[in-house]
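The values are calculated or read from the model by the stated rules, or taken from the named source; none is laboratory data. The model shown is predicted, which means the values in this text are computed figures rather than measured ones. For neighbour counting, all protein chains shown are included, and Cβ atoms are generated from backbone atoms with ideal geometry for every residue, glycine included. SASA here: full protein model, heavy atoms, side chains in, ligands and nucleic acids out. Shrake-Rupley method; radii C 1.70, N 1.55, O 1.52, S 1.80 Å.
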Amino acid sequence: MPNSPSPFSSARFSRRRFLKTTGQGLGVAALLANLPKGWAGAVTPATGPETPKIKIGMIALTDCAPFVIAFEKGFFQKYGIEATIAKQASWAAVRDNFSSGDLQATHMLLGMPFASTMGLLGSPKKPMIIPWLLNRNGQAITLKNAFKGKVGADPKALKPLVDEAKKAGNPLTFAMTFPPGTHAMWTRYFLAAGGINPDKDVNLITVPPPQMIANMQVGKMDGFCVGEPWGARAIEGKIGYTAITTQEIWKDHPEKVFAFTAEFADKNPRTVKACLQALQEASVWLDDMENRPEACKIIDAPTYINCPAETILSRMQGHIDYGDSRGVKEERTYYMTFHDRDCNYPQPKFGKWWLSQFRRWGMVTGAPDYEGLAATVMRPDLYEEAMKEISVKPAVRDDSPVTLFDGVTFDPKDPEKYATSFAVHSLKNS
């Protein structure tokens, strides 16, 4: 698979070079000779994307890497996509710009397409689909330094501090990035596993990922959950420490997704598949660990993450510095993954788990349509078609149960039983 930019990218190809080449009589034959192997003739007006020019939204997080690499390395161009990567200020901005049509595809938290499809939590009702999971793992719950030596990976140790603050009339404050998103659910799950109700015992606020560090620094919150590199950055800046990584909460959990509106996908199926094919190549490239230093140098740019490459790289390589007495853990399997272990397949069971958490925390009244919504939003059919077209053996559906760090098992065959089984909840039944 090609590891270099498309010859048509601005860095490698220009109008002047084209005129010079054709003027020397080399013409199309010379141009085709420069194309990556297997590209020449692969995209034609009849088989190429219906809408080749697309604007892709992103948030400054390490897991934006697949589509940044697909852009910078020329994989989008290879499949006929003229992409523009548009950095967004917050997940709310992503949702609104995506819903309005300003963005044609986007980086999203897994729960967001469900919330928009259902019209929940302030989202305008706009059906969306997930044909691709961008990554697994790679987030963390950070606590302020005052809790060092008192609270680690066991949330039960946090409960006396929460109770004390609540009794004093000054509840502890925890930040996540968006109410229906992954960081909100990891925060809620962690706190509840310690007997803490996130809706009654603490303040749970929304802060955009790049603003977490500044807000912790001025004392606005006592802890936060966000994607990397901001957990590592908190330790580097000596303003907090990692209590637990999210892969310790749920080993190999789903995280960000690549989403489209259902309307756009219905009208532009070849565009969707071309994007997935480009992401496939980018994701394979990213999971070659020899490429990760280069990847970090690319995504550290101000137009992307705006964080030193060295800070991004540490956890991208599985070096987990907790910033407390636990020191550095070498995570050799479940650090951030972009392709391995069938990472990209949009498993319906992951959608059902999210719906179970919407139910648990009173974001819906009564049982949602687990099967119907998971089938509508998660689109393995598009993933499978895209992979078969480029002779990549697609992953397969997995409906096996999953057990999280508190020992509770989620069975996707009965998500309602799971959702209503927890002692700590905010269920709404009417």
Q.
I'd like to check something: does the stretch 206-229 contain any residue that is open to solvent by 10 Å² or more (accessible area, probe 1.4 Å), among the hydroxyl-bearing types (Ser, Thr, Tyr) and closer than 19 Å to Thr173 by Cα?
A. yes
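For the stretch 49-71, which positions are closer than 30 Å to Met176 by Cα, in contact (Cβ under 8 Å) with a residue 40 or more places away in the chain and open to solvent by 20 Å² or more (accessible area, probe 1.4 Å)?
Step one: of the stretch 49-71, the residues closer than 30 Å to Met176 by Cα are 54-71.
When the remaining residues are screened for being in contact (Cβ under 8 Å) with a residue 40 or more places away in the chain, the result is 54-70.
Passing the criteria: only Lys55.
Return the only residue of Lys273, Lys297, Lys251, Lys349 being basic (Lys, Arg), touching a Ser or Thr at 6+ places or on another chain (Cβ under 9 Å) and assigned to a helix (DSSP H, G or I).
Working: Lys273 fails: touching a Ser or Thr at 6+ places or on another chain (Cβ under 9 Å); Lys297 fails: touching a Ser or Thr at 6+ places or on another chain (Cβ under 9 Å); Lys251 fails: assigned to a helix (DSSP H, G or I).
Going through Lys273, Lys297, Lys251, Lys349 in turn, the sole match is Lys349.
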Q: Within the stretch 83-121, track down each residue that is more than 14 Å from Met58 (Cα to Cα), open to solvent by 10 Å² or more (accessible area, probe 1.4 Å) and of a type in the set (Gly, Ala, Ser).
A: Ser99, Ser100, Gly101, Gly119
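With the condition kept exactly as written, say whether any residue in the stretch 248-266 is within 30 Å of Gly351 (Cβ to Cβ) and among the hydroxyl-bearing types (Ser, Thr, Tyr). First the steps, then the outcome.
In the first step, residues of the stretch 248-266 are kept if they are within 30 Å of Gly351 (Cβ to Cβ); the result is 248-266.
If we keep only those that are among the hydroxyl-bearing types (Ser, Thr, Tyr) as well, we get 261.
Yes, some residue in the stretch 248-266 is within 30 Å of Gly351 (Cβ to Cβ) and among the hydroxyl-bearing types (Ser, Thr, Tyr).
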Q. Among the residues of the stretch 102-144, which ones are aliphatic (A, V, I, L, M) and within 30 Å of Lys238 (Cβ to Cβ)?
A. Leu109, Ala140, Ile141, Leu143
Q) Inside the stretch 360-425, counting only helices (runs of 4 or more DSSP H) that do not spill past its ends, which hold 1 or more residues that are open to solvent by less than 60 Å² (accessible area, probe 1.4 Å), touching a Gly at 6+ places or on another chain (Cβ under 9 Å) and modelled with pLDDT of 95 or more? A) 370-377
Q) Is it the case that Gln357 is out of contact with any strand residue (DSSP E or B) (no Cβ under 8 Å at 6 or more places or on another chain), of a type in the set (S, T, N, Q) and closer than 16 Å to Met185 by Cβ? A) yes
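Is it the case that Pro131 is outside any helix (DSSP H, G or I), touching a residue at least 24 places away in the same chain (Cβ under 8 Å) and within 18 Å of Trp91 (Cβ to Cβ)?
Working: outside any helix (DSSP H, G or I): yes; touching a residue at least 24 places away in the same chain (Cβ under 8 Å): yes; within 18 Å of Trp91 (Cβ to Cβ): no.
For Pro131, the condition - outside any helix (DSSP H, G or I), touching a residue at least 24 places away in the same chain (Cβ under 8 Å) and within 18 Å of Trp91 (Cβ to Cβ) - is not met.
When you go through Thr173, Thr142, Thr177 one by one, which is the residue that is within 25 Å of the chain's Cα centre (by Cα), surrounded by fewer than 24 Cβ atoms within 10 Å (Cβ to Cβ) and among the hydroxyl-bearing types (Ser, Thr, Tyr)? Quick ask: steps written out before the conclusion?
Working: Thr142 fails: surrounded by fewer than 24 Cβ atoms within 10 Å (Cβ to Cβ); Thr177 fails: surrounded by fewer than 24 Cβ atoms within 10 Å (Cβ to Cβ).
Answer to the check: Thr173.
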Q. Can you find a residue in the stretch 319-334 that is buried (at least 17 other Cβ atoms within 10 Å of the Cβ) and out of contact with any strand residue (DSSP E or B) (no Cβ under 9 Å at 6 or more places or on another chain)?
A. no
